[in-house]
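**Student:** Have a look at this one before I ask anything.
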Amino acid sequence: MHPPDQLGRHRDASAACGDDHSPCTLHVNGTRHDLTLDNRTTLLDALREHLALTGAKKGCDHGQCGACTVAVNGTRINACLTLAVMHDGDEITTIEGHGTPESLDAMQQAFIDNDAFQCGYCTPGQICSATAILEEIRAGLPSHVTENLSTAIDLTDAEIRERMSGNLCRCGAYANILKAIHQVAEAHS
Amino acid sequence: MDFNQASEENLFDHARIVGKPHARIDGRLKVSGQAPYAYERHDVAAGQLVGYPLGATIAKGRITHMDATQALKAPGVAAVVTTLDVAPLNRAESNVARLFGGDVVEHYHQAIAVVVADTLERARGAANLIEVRYAEEDAEFDLEAALERLQNLGEPAADVGDVEAAIAKAPVTLDAVYRTSAQSHAMMEPHASIVDWSDGKAMTVWLSNQMIAWTRQALATTFDIDADAIRLESPYVGGGFGGKLWLRADTVLAALGSRAAGRPVKVALPRPLMFNNTTHRSATIQRLRIAAGEDGRITAFDHAAVSHTLPGGSGEDAVNQTRCFYAGENRRVAHHAIDLHLPESADMRAPGEASGLAALEIAMDEMAEKLDMDPVEFRILNDTQVDPEDPDKPFSQRHFVECLREGAERFGWEARNRTPGGRREGAWLIGHGMAGAYRGAPTLDSGARVRLARGRLVVETDMTDIGTGSYTIIAQTAAETMGLAMEDVEVRLGNSAYPVSSGSGGQFGAASATAGVYAACLALQKKIAAQLKVGAQLKAEELRFDQGRILGEGVDLALADVGDGDELVAEDKIHFGDFKEGLQIGTFAAHFIEVAVHAYTGETRLRRMLAVCDAGRILNPITARSQVLGGMTMAAGAALSEGLEVDRARGFFTNHDLAGYEVAVHADIPEQEVVFLETPDAASTPLKAKGVGELGICGVPAAIANAVYNATGVRVRDYPITVDRLVEGLAERAAHS
């Protein structure tokens, strides 16, 4: 390998590109996948490009929009901000694991009932987050707006809005997303 | 079908399906992640490679040297195409800067290379190995400085009466300057394309685009090939807002990459490239002068504005609405597009009005205050039912006053805070504001094809659904016209193999495309009538299509039995006649806002938003409401947080991602209410419908600004109204109280 140039770049192409691969097993929506992946592959690209599960969306690839939200071992995460090889053996739930067009889950149906989307691109991430925040509230995980840390957390508009604020919706469906989440929460309570 | 006069009473006045709430028919695919967006088409074009773009890192100049040797040697790389490898591509009419080819750099992050590899990681890694050297040229990036050097603002677009004389003698006048920031569409789905041009002949493109026919022609022009050799598909578009009206670099790079590699290639613009590589809404600086009598009647408007554009573009015309929104016998408007070498400015949701009303409607609030009038009553007093520049030209429909009155009633305007800075809840100052909104209701010719077989109808049109609800309202239109259930109609959109439609943009899509589908259904009815063998030949108009049956004199037949099982196909388009030019056809709204502004930090929180809209027949109250909610939400960003920040030395937008460019998030948006007046407009289309998607963003920023003023007593005339623009005034007021 050549020494780095004055900008710190290595001139040897293969080394500079970090073209190393590792085996990795992902359990996605209950199905085991044994993959060999470029170490640079994000969890999001593993899902979208290698498993053709394109429900998780790439809006920014920088953890700024939330369109790629999936659950890893039950916790929501931006799949674009984590490398696939860091998830060897993990259980991953994507929007495809929530329901199919023929058999939607309650949150998916609530999004339709309340017109909680327009273009649909942020929607899978919104639904994954919406599902997760109800669990987070039930589990007593506080947010920035939780007023009392010693009692059960109330499912207020403010709690939902705060917890959903990592999922951007440029079509501006927030008011309807809020209603959809309340619909599911009320059905469960 | 020609639409040469206003509609008479027709089936849409007694509709079962059109105008009724219906959930989106594409909803199940979207909520389950199965709707295929452009970059996700694993089902088409086997053997796709990945292209990764490289953007220029100067704003103006020439590329003197590019070395892709190392990139080409990198693992997995199939091809590298640099801008120096390609003769300058033709510039399509819709593009200001050249999209690719040659050594000239016209703006920052202009595409200068694409690396094609077997994976994204390898393409991106190799793109980092391309060496580029530039000869940078001096350029102008500062709108304020350019404006100072301007001697005048160019020829007025309108100059009626004697504005100067009217202002000179008016007892109440306003003269103020307002600024709006450059804004980014920031749609959630990046610009993306898969292109198969492997053989350099026929080109197939899967992309995310609002205007199929325009973009097909732009591709033909750009590559100097026959449009018939190009096929485009864009069935699902992850938001557009004007940013996907045009052919952009993703498609061009994928095409060049595909030709070079001999394989299909997909390219998505990385988010940090989008803000400078694609288009944006230009910033504006606007000077508004308004004159009125003691009675509150406006006697003159003088609205002058500048915006910026690359040489050859048109900028953001912020003065247009001032020509016809309010009465007043003297008016002058002038817009001057200043050449700067910032990235390409172009259309974004309600181009012109979104920025113009942001200024005009603050000015109206300021005038009302000077006159000691209720801003609602001030607007009502200055309503006009005719074009003020041409009193012989009436508005086809204008229910702005009803919007204002209905909104005031529903909002509880009577109980508003009446003293700026006068209402406080703890550390929060509470304020109320309102604004009017106007946006034109254009229509474009639009075509469709319908296929009937065994009682099921397929509608095909190159219309797009960018979240607007096109799939659903088109199905509603076809079901209504043909007497079918919604479940019996399938809608296929966004494909260049289908008849050319209006496309999605300019608030013309819903009204135009549904009219085109109606025309195609009437053509189908004629074919059906011709096929019926019942004694004397019946005319289509003598038949009724109801609940899956065809009824008429001696006819009672299931639609499923028409054609003996063969498919019946009909195609037509709606052509809108010249009679519309004798009318002002527009949409109107009144917006009411409550805000809380933190007395010490200047943080502004929206507490309530209400819109009352006059926008023709609402085809589907669910999807139309969502369009207006979306406009209000985007406007909340425009008012309080969105602004592209210019690096005035290097000539680019510095906050070029979704962390730095702050669109409204969920926690920013309060309770929102949308009300539609029942105002079908027979002059607009056979369905008496108008667009609503752009109306929702118009006026809202000013309503917010006026509410902030009402809360604090601090008048901010520059958007976005960030804390730094408020705190000084808040401190001054606190010191004097």
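**Student:** Which of rounded, prolate or oblate describes the protein assembly as shown when judged by the alpha-carbon gyration tensor and an a/c cut-off of 1.5?
**Tutor:** Rounded, since a/c falls under 1.5.
**Student:** Another question, if that's okay. What longest region of chain B stays clear of GluC sites (Glu not before Pro) that DSSP places outside H, G, I, E and B and that have at most 13 other Cβ atoms within 10 Å?
**Tutor:** Numbers: sites that count: B:Glu8, B:Glu9, B:Glu93, B:Glu137, B:Glu294, B:Glu553, B:Glu567, B:Glu678.
It runs B:295-552.
**Student:** Mind checking B:119-126 for the average number of partner chain beta-carbons within 10 Å of each residue's beta-carbon?
**Tutor:** The per-residue average across the peptide is 6.
**Student:** Need the list of aspartates and glutamates near B:Lys539 for cross-linking: C-alpha distance under 16 angstrom, and skip anything on the same chain fewer than eight residues off.
**Tutor:** B:Glu553, B:Asp556
**Student:** Here is a further query. Within chain A, which is the longest segment that contains none of the GluC sites (Glu not before Pro) sitting in a DSSP loop with at most 12 other Cβ atoms within 10 Å?
**Tutor:** A:1-101
**Student:** Let me ask something else. In the range B:390-490, what trypsin sites (Lys or Arg not before Pro) fall in a loop by DSSP, with at most 16 other Cβ atoms inside 10 Å?
**Tutor:** Of the trypsin sites (Lys or Arg not before Pro), the ones in loops of the range B:390-490 whose Cβ has at most 16 other Cβ atoms within 10 Å are B:Arg418, B:Arg454.
**Student:** If you don't mind, another one. Quick check on the exposure proxy: order A:Ser165, B:Ser502, B:Ser355, A:Ser189 from fewest to most C-beta atoms within 10 angstrom.
**Tutor:** Values: A:Ser165 19, B:Ser502 30, B:Ser355 33, A:Ser189 8.
Exposure proxy ranking, most exposed first: A:Ser189, A:Ser165, B:Ser502, B:Ser355.
**Student:** Need one word for chain B: rounded, prolate or oblate. Basis is the Cα gyration tensor (sqrt eigenvalues a ≥ b ≥ c); a/c below 1.5 gives rounded, then a/b vs b/c decides.
**Tutor:** It is oblate, given that a/c is not under 1.5 and a/b is not larger than b/c.
**Student:** Okay, next question. Please list, or write none, the aspartates and glutamates whose alpha carbon is within less than 16 Å of the alpha carbon of B:Lys20, excluding same-chain residues fewer than 8 places away.
**Tutor:** Qualifying aspartates and glutamates at Cα under 16 Å: A:Asp113, A:Asp115, B:Glu480, B:Glu487, B:Glu678.
**Student:** Taking 0.36 nm per residue of separation and subtracting the Cα-Cα distance, what length does fully extending B:Glu732 through B:Ala485 add?
**Tutor:** Stretched fully, the B:Glu732-B:Ala485 segment lengthens by 82.5 nm.
**Student:** With the cut-off at 22 Å, tell me which of the pairs B:Lys527/B:Lys688; B:Lys30/B:Lys573; B:Lys60/B:Lys201; B:Lys244/B:Lys688; B:Lys580/B:Lys688 have Cα atoms farther apart than that.
**Tutor:** Result: B:Lys527/B:Lys688; B:Lys30/B:Lys573; B:Lys60/B:Lys201; B:Lys244/B:Lys688 exceed 22 Å.
**Student:** Something else: Rounded, prolate or oblate: which fits the range A:106-188 when a ≥ b ≥ c are the square roots of the eigenvalues of the alpha-carbon gyration tensor, with rounded for a/c under 1.5 and prolate only if a/b beats b/c?
**Tutor:** Here the range A:106-188 falls in the prolate category.
**Student:** Here's a follow-up. Measuring from centroid to centroid over Cα atoms, what is the spacing of the range B:46-125 and the range B:238-271 in Å?
**Tutor:** So the separation of the two Cα centres works out to 12 Å.
**Student:** What whole number of Å gives the distance from the Cα centroid of the range B:396-426 to the Cα centroid of the range B:143-203?
**Tutor:** So the two Cα centres are separated by 30 Å.
**Student:** Counting other C-beta atoms within 10 Å, which of B:Ser184, A:Ser143, B:Ser208 has the fewest, and how do the rest follow? Walk me through the numbers on the way to the answer.
**Tutor:** Numbers: B:Ser184 27, A:Ser143 16, B:Ser208 31.
So the residues, fewest neighbours to most, are A:Ser143, B:Ser184, B:Ser208.
**Student:** When you look at the Cβ of every residue in B:626-632, what mean number of other chain Cβ atoms sits within 10 Å?
**Tutor:** Other-chain Cβ atoms within 10 Å of each residue's Cβ, averaged: 5.
**Student:** How do B:Val517, B:Val177, B:Val628 rank when sorted from fewest to most other Cβ atoms within 10 Å of their own Cβ?
**Tutor:** Ordered from fewest to most neighbouring Cβ atoms within 10 Å, B:Val517, B:Val177, B:Val628 come out as B:Val177, B:Val628, B:Val517.
**Student:** Averaged across the residues of B:271-283, what count of C-beta atoms belonging to other chains lies within 10 Å of each residue's C-beta?
**Tutor:** Details: counts 7, 4, 0, 1, 0, 0, 0, 0, 0, 0, 0, 0, 0.
Per-residue shielding by partner chains comes out at 1.
**Student:** Evaluate the relative contact order of the range A:106-188 (contact order divided by residue number), counting alpha-carbon pairs under 8 angstrom at least 6 apart; express in whole percent.
**Tutor:** Computed over the range A:106-188, the figure is 49 percent.
We did not get these values from a lab; they are worked out from the coordinates using the rules stated. Keep in mind the model is a prediction, meaning the values are calculated, not measured. Glycine also receives a Cβ, built like all others from the backbone with ideal geometry; neighbour counts cover every protein chain displayed.
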